[in-house]
Amino acid sequence: MVTLPPNCFIVAETNSNTHSGKSLMAIHRKPIQERIDWLFDLADRHGNNFRSPEAWLAREHYLAEHPTAIAVLKCMDGRINIPSAS
């Protein structure tokens with residue numbers, strides 16, 4: 001069992017485009033090597049999506065509409081929850 005520091009949360013998103021409609025919780029019942037492979041595959045899919053021309057164009061369009069830059073420094077153990085603090 002993993003003990004998380006106070007105000008530290010694990011967030012799981014479900015998105016049929018990213019996760020093929022499968023429950024993210026099902027991966028926790030698989031052997032460790034399958035979980036590692038799944039995680040690398042997920043990172044590859046997210047990276048490919050981020051680097052796509054469509055995603056780049058969407059980011060450029062958003063930045064043109066909203067030219068505000070925000071920098072955030074936070075504790076690595078999750079003690080500062082930026083969305084809640086701002």
Quiz item: Only one residue in Ile82, Ile27 is of a type in the set (Val, Ile, Thr), surrounded by 10 or more Cβ atoms within 10 Å (Cβ to Cβ) and at pLDDT 80 or above. Which one?
Solution: Ile27
Quiz item: Can you tell which of Ala58, Ala64 is modelled with pLDDT of 90 or more and surrounded by 10 or more Cβ atoms within 10 Å (Cβ to Cβ)?
Solution: Ala58
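The values are calculated or read from the model by the stated rules, or taken from the named source; none is laboratory data. All values reported here derive from a predicted model rather than from experimental measurement. Reconstructed Cβ throughout: ideal geometry from the backbone, glycine too, with neighbour counts over all protein chains shown.
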